[in-house]
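Visitor: Take this structure, written in structure tokens, and hold onto it; I'll ask about it next.
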Amino acid sequence: MPLVDLHTHSTASDGTLTPTQLVEAAARSGLVGLAITDHDTGNGLVEAGAAADALKLRFVPGIEISAEFPQPGTMHILGHFIDPLSPALHDMSRILLEGRNQRNPKIVARLNELGCPITLEDVIAIARAGVPQGEPFVVGRPHIARALVEARCVKSMKEAFDQYLGTTGKAYFDKERLTPRQAIECIHKAGGLATLAHPVQLRLSNHAELQTVISKLKDIGLDGIEVWHSDHGPQDSKLLLEFARRYDLVCTGGSDFHGGNKPDVQLVSGRNNVSVPVEVLDNLEARWRSSPYARSRTNAGEAA
Ligand code: AMP
Ligand code: ZN
Ligand code: FE
Ligand code: FE
């Protein structure tokens with residue numbers, strides 16, 4: 001059965017493959033469709049779209065936005081079929097990157113106090129790798145984690161998050177986030193469909209709480225939920241599928257591939273636990289095409 005991967009990260013944010021390399025890797029592994037969903041930016045999407053056209057791979061321009069949510073949970077909202085050139089997307093991206101620029105120096109300063117001798121310049125150099133000269137890029141915690149590994153302050157990316165960078169780590173600082181409503185509205189303004197990413201990362205204590213969050217998000221415009229994801233077990237996916245049906249939410253799924261920045265996670269392949277058949281992309285695209293967000297676009301017919 002042909003498979004797709006609708007959640008991946010490139011060097012435009014915190015993955016280690018360039019947008020073109022990511023498209024090539026997807027085609028090589030036999031996928032028939034790919035979405036790139038970088039954090040806070042659509043910068044790699046035009047390049048990736050061209051590479052995908054050349055390889056006849058179905059490409060979905062996407063994004064992933066962090067929204068406000070009580071710790072230790074995290075809420076991420078995915079956007080699929082966004083217009084990479086949308087002014088709303090650029091405005092939002094500028095605000096979110098500014099939030100990172102406020103946060104990252106605080107993390108590095110705390111790490112220095114804790115005896116880890118890394119600099120912001122080290123981190124920026126890691127984040128810039130693979131990005132064409134002069135193009136903007138996103139600096140995220142995985143880049144700080146890599147700097148910590150390179151400086152031999154920790155042995156692995158995992159240790160960097162467990163000890164320092166995760167929500168309960170010694171150098172954790174939050175960044176400015178959009179509210180869930182703002183994140184959903186931004187994605188809609190950029191012409192895309194908004195879905196709740198990896199709901200298990202909300203870290204809610206029971207099904208009733210999860211159901212309440214999903215129903216509230218639906219009320220403020222959420223279009224779907226990510227049912228299949230590397231962090232989900234079969235029981236998680238079963239429950240999420242049930243919620244999707246109950247609230248008329250469209251389903252999406254993907255690996256959350258980050259290349260070497262998440263060494264345990266590979267692209268969807270059918271050999272790992274995330275298997276996303278092409279029908280998932282067909283349904284997502286059909287939902288998008290019948291939505292007001294696609295109809296408000298002049299070039300909706302070409303965007304996929
Ligand atoms: P940021 O957007 O800069 O706050 O970084 C968030 C990214 O860090 C996530 O998308 C993941 O890729 C990564 N991340 C967050 N928590 C962990 C963790 N515990 N272990 C490994 N990677 C993580
Ligand atoms: Zn990431
Ligand atoms: Fe995420
Ligand atoms: Fe992600």
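The values are calculated or read from the model by the stated rules, or taken from the named source; none is laboratory data. What you are looking at is a predicted structure, and each value in this text was computed from that prediction instead of being measured. Ideal geometry is used to build each Cβ from the backbone, glycine not excepted, and the neighbour counts take in all protein chains shown.
Visitor: Please go through segment 179-203 and pick out each residue that is among the β-branched types (Val, Ile, Thr) and part of a loop (DSSP other than H, G, I, E, B).
Guide: Result: Thr179, single match.
Visitor: Which of (1) within 16 Å of ligand 4 (Cβ to nearest atom); (2) under 30 Å from Ala151 (Cβ atoms); (3) touching a residue at least 40 places away in the same chain (Cβ under 8 Å) does Gly44 not meet, given it meets every other one?
Guide: With (1) within 16 Å of ligand 4 (Cβ to nearest atom); (2) under 30 Å from Ala151 (Cβ atoms); (3) touching a residue at least 40 places away in the same chain (Cβ under 8 Å) applied to Gly44, the lone miss is (3).
Visitor: Name every residue in segment 266-297 that is modelled with pLDDT under 95, out of contact with any Gly (no Cβ under 9 Å at 6 or more places or on another chain) and under 30 Å from Pro142 (Cβ atoms), in order of residue number.
Guide: Those that are modelled with pLDDT under 95, out of contact with any Gly (no Cβ under 9 Å at 6 or more places or on another chain) and under 30 Å from Pro142 (Cβ atoms): Arg271, Asn272.
Visitor: Is it the case, given these coordinates, that Lys106 is of a type in the set (D, E, K, R) and free of Cβ contacts under 8 Å to residues at least 24 places away in the same chain?
Guide: no
Visitor: Continuing with this model, one more query. Just checking, does segment 165-172 include any residue being closer than 28 Å to Tyr293 by Cα and crowded, with 18+ Cβ neighbours inside 10 Å?
Guide: No: segment 165-172 contains no residue that is closer than 28 Å to Tyr293 by Cα and crowded, with 18+ Cβ neighbours inside 10 Å.
Visitor: If you don't mind, another one. Count, please, the residues in segment 161-178 that happen to be part of a helix (DSSP H, G or I) and either under 13 Å from Asn104 (Cα atoms) or over 20 Å from the mean Cα position of the chain (by Cα) (or both).
Guide: Result for segment 161-178: 4.
Visitor: Name the pairs: first residue in segment 219-232 and within 11 Å of Pro199 (Cα to Cα), second residue of a type in the set (Phe, Trp, Tyr) and surrounded by fewer than 15 Cβ atoms within 10 Å (Cβ to Cβ), Cβ to Cβ under 8 Å, at least 6 apart or on different chains?
Guide: none
Visitor: Checking the condition over 25 Å from Ala27 (Cβ atoms) and more than 16 Å from ligand 3 (Cβ to nearest atom), which residue from Arg245, Arg271, Arg203 passes?
Guide: Only one candidate passes the filter, namely Arg245.
Visitor: I need the full set of residues from segment 255-296 which are surrounded by 20 or more Cβ atoms within 10 Å (Cβ to Cβ), acidic (Asp, Glu) and part of a helix (DSSP H, G or I), in order please.
Guide: Residue satisfying the conditions is Glu285 alone.
Visitor: Write out, first by first residue and then by second, each pair whose Cβ atoms fall under 6 Å of each other, whose residues are 6+ apart or on separate chains, and whose first residue, in segment 73-88, is of a type outside the set (D, E, K, R) while the second is part of a loop (DSSP other than H, G, I, E, B) and surrounded by fewer than 22 Cβ atoms within 10 Å (Cβ to Cβ).
Guide: Gly73/Arg203; Met75/Phe69
Visitor: Follow-up question, since we're still on this one. Every residue in segment 245-254 that is assigned to a loop (DSSP other than H, G, I, E, B) and surrounded by fewer than 17 Cβ atoms within 10 Å (Cβ to Cβ), please.
Guide: Those that are assigned to a loop (DSSP other than H, G, I, E, B) and surrounded by fewer than 17 Cβ atoms within 10 Å (Cβ to Cβ): Tyr247, Asp248.
Visitor: Right, another one. Could you please give the count of residues in segment 233-288 that are touching a residue at least 60 places away in the same chain (Cβ under 8 Å) and acidic (Asp, Glu)?
Guide: 2
Visitor: From (1) in contact (Cβ under 8 Å) with a residue 40 or more places away in the chain; (2) within 17 Å of the chain's Cα centre (by Cα), pick out the condition that doesn't hold for Val200.
Guide: (1) is the only condition that Val200 fails.
Visitor: Next question. Spot the failing condition for Glu64; the list is (1) among the charged types (D, E, K, R); (2) under 15 Å from the mean Cα position of the chain (by Cα); (3) under 11 Å from Ala12 (Cα atoms), and only one is missed.
Guide: The one condition Glu64 does not meet is (3).
Visitor: Then there is this: Mind listing whichever residues of segment 204-218 are free of Cβ contacts under 8 Å to residues at least 24 places away in the same chain, polar (S, T, N, Q) and either assigned to a helix (DSSP H, G or I) or in contact with a strand residue (DSSP E or B) (Cβ under 7 Å, 6 or more places away or on another chain) (or both)?
Guide: Thr212 - this is the single residue of segment 204-218 that is free of Cβ contacts under 8 Å to residues at least 24 places away in the same chain, polar (S, T, N, Q) and either assigned to a helix (DSSP H, G or I) or in contact with a strand residue (DSSP E or B) (Cβ under 7 Å, 6 or more places away or on another chain) (or both).
Visitor: Of all residues in segment 174-209, which are at pLDDT 95 or above and among the small types (Gly, Ala, Ser)?
Guide: Correct list: Ala183, Ala190, Gly191, Gly192, Ala194, Ala197, Ala208.
Visitor: Going through segment 50-81 one residue at a time, which ones are more than 16 Å from ligand 2 (Cβ to nearest atom) and in contact with a Cys (Cβ under 9 Å, 6 or more places away or on another chain)?
Guide: none
Visitor: Failed condition for His143, given (1) in contact with a Lys or Arg (Cβ under 8 Å, 6 or more places away or on another chain); (2) of a type outside the set (Ser, Thr, Tyr); (3) within 16 Å of ligand 3 (Cβ to nearest atom); (4) in a helix (DSSP H, G or I), with all others met?
Guide: (1)
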